Amino acid sequence: MNTQKQQRSLQLPSWIVVWLILSMMIILWDSGFLFSRPASLPGGSLAWVWLPYAKYITIDPSYTDLHNDFLVAQQIMSLLEIAIGIIALYYNYRCKGNRAILFAFSALLLTGTKTILVFLLEAVSGFKNIGHNSGYDLLLFYIMPNSLWLIFPFAGVFILGRYLISSR
């Protein structure tokens with residue numbers, strides 16, 4: 001009984017599981033947009049799949065730059081993040097134990113730090129890609145949605161990190 005209770009306590013919190021699954025779906029959709037350009041851009045044959053991007057690329061036109069190597073590298077890192085998240089979910093549901101926590105911690109840390117890098121890149125470039133926006137548009141369409149990629153991952157890192165430290 002004690003072993004079974006201990007295994008259950010090592011499972012990821014359900015909100016982290018939901019975040020991992022939702023973020024994987026969004027990242028895959030985003031990757032599809034990026035790697036399908038120019039067909040995924042407005043006017044392209046696949047633009048209908050990514051209709052919300054018609055608005056987003058007016059806020060952050062860096063997505064329209066077919067030669068933006070940073071976006072490609074970032075997206076490859078995002079796919080690595082998905083792979084780590086899948087491993088975390090596998091361990092969470094199949095093997096139990098603290099491996100799920102370690103892999104989820106790693107995926108969440110990667111998500112958060114990658115998002116910080118995106119914000120820093122904008123800041124050090126003098127807001128080259130987003131500086132043209134009104135304060136309202138910037139807040140509603142850039143800062144608020146992208147901040148979710150900081151809030152949830154770092155909340156998870158904090159919770160899982162506390163567990164990892166206490167289980168030493």
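The values are calculated or read from the model by the stated rules, or taken from the named source; none is laboratory data. What you see is a predicted model; the values in this text were computed from it and never measured. When we count neighbours, we look across all protein chains shown, and the Cβ atoms used for this are built from the backbone with ideal geometry, even at glycine.
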Item to complete: Inspect the stretch 36-49 for any residue being in a loop (DSSP other than H, G, I, E, B), small (Gly, Ala, Ser), in contact with a Leu (Cβ under 9 Å, 6 or more places away or on another chain) and surrounded by fewer than 16 Cβ atoms within 10 Å (Cβ to Cβ) and give the result as yes or no.
Response: yes
Discussion item. So in the stretch 90-113, with the set limited to residues that are touching a Leu at 6+ places or on another chain (Cβ under 6 Å) and more than 30 Å from ASN68 (Cα to Cα), which one is surrounded by the fewest Cβ atoms within 10 Å (Cβ to Cβ)?
Written reply: GLY97
Worksheet entry | In the stretch 62-71, the residues that are among the hydrophobic types (A, V, I, L, M, F, W, C), under 16 Å from LEU117 (Cβ atoms) and loosely packed, with under 13 Cβ neighbours inside 10 Å | PHE70
Worksheet item: With respect to TYR63, is the statement that it is among the hydroxyl-bearing types (Ser, Thr, Tyr), out of contact with any Asp or Glu (no Cβ under 8 Å at 6 or more places or on another chain), farther than 16 Å from ILE26 by Cα and in a helix (DSSP H, G or I) true?
Response: no
Item to complete: State whether the residues of the stretch 10-28 include one that is of a type in the set (A, V, I, L, M, F, W, C), out of contact with any Gly (no Cβ under 9 Å at 6 or more places or on another chain), modelled with pLDDT under 95 and farther than 29 Å from LYS128 by Cα.
Response: no
Worksheet item: When only residues in the stretch 114-168 that are surrounded by fewer than 16 Cβ atoms within 10 Å (Cβ to Cβ), of a type in the set (Ser, Thr, Tyr) and in a helix (DSSP H, G or I) count, which is modelled with the lowest pLDDT?
Response: SER166
Worksheet item: Which residue pairs have Cβ atoms closer than 9 Å, lie 6 or more positions apart in sequence or on different chains, and pair a first residue in the stretch 8-33 that is surrounded by fewer than 14 Cβ atoms within 10 Å (Cβ to Cβ) with a second residue that is modelled with pLDDT under 95?
Response: ARG8/LYS96
Practice prompt. Look at ASN129 and say whether it is of a type outside the set (A, V, I, L, M, F, W, C), farther than 18 Å from ILE16 by Cβ and in contact with a Ser or Thr (Cβ under 8 Å, 6 or more places away or on another chain).
Written response: yes
